[in-house]
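**Q** One structure coming up, written as structure tokens, with questions to follow.
The values are calculated or read from the model by the stated rules, or taken from the named source; none is laboratory data. Everything numeric here is computed off the predicted structure, so don't read it as measured data. Positions of Cβ are backbone-derived with ideal geometry, glycine not excepted, and every protein chain shown enters the neighbour counts.
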Amino acid sequence: MRLLALAVACLTLAPSWPAAEHPSARFANELIEAQVYLPDPENGYYRGTRFDWSGAIYSLKYAGHQYFGEWQESSDPYLHDRITGPVEEYRTAEKGLGYDDGGDRFLRIGVGVVEKPEEDDYRWRHSYKVVDPGEWTIRQGANWIEFTHEVTEPSLGYAYRLTKRLTLTPGQPELVIDHSLENTGRKTIETNVYNHNFFVIDNQPTGPDFAVEFPFELTADRQMGGYVSISGRQLRYEKHIPPGESIFTMLAGYGATAEDHVFTIENRKVKAGVRVATDRPLAKLQYWSPRTTLCPEPFIDLMLAPGQADRWSIRYEFYTLD
């Protein structure tokens, strides 16, 4: 087993340490201050195997508003969704990379090589044992932080280099997440990826003060318990979602261009909003929301032959309402 290597360079701001003493760092521009958890297999805030370990923002403040934070009460770092902020999950055939290829290991992109136990099928809520966390390199400047993750699994033929850079645009209320995934192995990497987002705006409960809008006419594949309805391009909260309840739906109506890979979330009580845009067409669109967070989950598809790389970016524009 290789040990995780955390090489931190260009640190202009000292890392901060939350009360639980999980490794973290701060970066800022003239308008936004953000704090992010760092990947760490021993002390990381999140050590589950569902989500990429890099780029989990637990605080982003703009114009007196908080956009990310804790949305559930748990102290278990291995719980599959005990994570905050804009975070991503990679899926191959709704599983991990190489899960169906045989052998006793497979890959979770952004996590490392994990053990495949004897089981009937992949368990997406289960945190598998990490047998090789790969190598992480972290670089940081005043208004940005960059994570690079390199993993190789010779027995399956998969290897990759994933780079994620979070930048607060100078002088603008904007966060940009740039991604690069390079196939450094001998097998094709076929996967999709989505950002779960986990918006927590000023700790407001999900309810009628929120509106979520897309640039196309929406259709949903199921009813949402009377909590949320669809009106044209909007998801409207008809009433508050009570503790312990949640809504989930697959949304459709988008086209084949990146112009439809956009959404806005606004809270009219606290007068805070965010616009999110990705430079790739939507492959699938899920929406999930309990009482404490709003989660548009937009997917893109990736297909990388050996030696190929792909790039994509997500832009978060934060604003206030008149």
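**Q** Every residue in region 10-41 that is of a type in the set (Asp, Glu) and at pLDDT below 95, please.
**A** Answer for region 10-41, where residues must be of a type in the set (Asp, Glu) and at pLDDT below 95: just GLU21.
**Q** Where in region 44-119 are the strands (runs of 3 or more DSSP E), entirely inside, with at least 2 residues that are acidic (Asp, Glu) and within 30 Å of GLU317 (Cβ to Cβ)?
**A** Of the strands (runs of 3 or more DSSP E) lying wholly inside region 44-119, those with at least 2 residues that are acidic (Asp, Glu) and within 30 Å of GLU317 (Cβ to Cβ) span 88-91.
**Q** Okay, moving on. May I ask you to list pairs of residues, at least six apart or on different chains, whose Cβ atoms are under 6 Å apart, with the first in region 69-88 being surrounded by 15 or more Cβ atoms within 10 Å (Cβ to Cβ) and the second being part of a loop (DSSP other than H, G, I, E, B) and among the aliphatic types (A, V, I, L, M)?
**A** As it stands, the answer is GLY69/VAL200; TRP71/VAL200; ILE83/ALA56; THR84/ALA56; GLY85/ALA56; VAL87/ALA56, since those pairs meet every condition given.
**Q** Restricting the search to region 24-35, which residues are assigned to a loop (DSSP other than H, G, I, E, B) and crowded, with 19+ Cβ neighbours inside 10 Å?
**A** Listed by number, the list holds a single entry, ASN29.
**Q** List the strands (runs of 3 or more DSSP E) inside region 226-292, counting only whole elements, that have at least 3 residues being without any contact (Cβ under 8 Å) to a residue 60 or more places away in the chain and assigned by TED's automatic domain parsing to the domain that holds PHE214.
**A** Result: 228-231, 234-237, 246-252, 262-267, 272-278.
**Q** Regarding region 95-111, can at least one residue be identified that is within 23 Å of LYS164 (Cβ to Cβ), among the hydrophobic types (A, V, I, L, M, F, W, C) and surrounded by fewer than 20 Cβ atoms within 10 Å (Cβ to Cβ)?
**A** The answer is no, given that none of the residues of region 95-111 is within 23 Å of LYS164 (Cβ to Cβ), among the hydrophobic types (A, V, I, L, M, F, W, C) and surrounded by fewer than 20 Cβ atoms within 10 Å (Cβ to Cβ).
**Q** Name the pairs: first residue in region 206-217 and over 26 Å from PRO243 (Cβ atoms), second residue surrounded by fewer than 17 Cβ atoms within 10 Å (Cβ to Cβ) and among the acidic types (Asp, Glu), Cβ to Cβ under 7 Å, at least 6 apart or on different chains?
**A** Going by the 7 Å Cβ cut-off, the qualifying pairs are PRO215/GLU259.
**Q** Which one of the conditions (1) surrounded by 15 or more Cβ atoms within 10 Å (Cβ to Cβ); (2) out of contact with any Ser or Thr (no Cβ under 7 Å at 6 or more places or on another chain); (3) under 20 Å from ILE314 (Cβ atoms) does ASN267 fail to meet, given that it meets all the rest?
**A** All conditions pass for ASN267, except number (3).
**Q** While we're here: Residues that are over 23 Å from TYR58 (Cα atoms), assigned to a loop (DSSP other than H, G, I, E, B), among the hydroxyl-bearing types (Ser, Thr, Tyr) and at pLDDT 95 or above: does region 190-205 have at least one? If you could, list the steps in order and put the result at the bottom.
**A** Within region 190-205, the first condition is being over 23 Å from TYR58 (Cα atoms), and the residues that meet it are 190-192.
Filter once more, so that each one left must be assigned to a loop (DSSP other than H, G, I, E, B): none.
Looking for residues that are over 23 Å from TYR58 (Cα atoms), assigned to a loop (DSSP other than H, G, I, E, B), among the hydroxyl-bearing types (Ser, Thr, Tyr) and at pLDDT 95 or above, one finds none in region 190-205, hence no.
**Q** Inside region 82-121, can you point out the residues that are over 24 Å from the mean Cα position of the chain (by Cα) and of a type in the set (Gly, Ala, Ser)?
**A** Residues satisfying the conditions are GLY102, GLY103.
**Q** Right, next: Among what's in region 265-283 and is of a type outside the set (A, V, I, L, M) and under 20 Å from SER246 (Cα atoms), pick the residue that is nearest to the chain's Cα centre (by Cα).
**A** The extreme case among them is GLU266.
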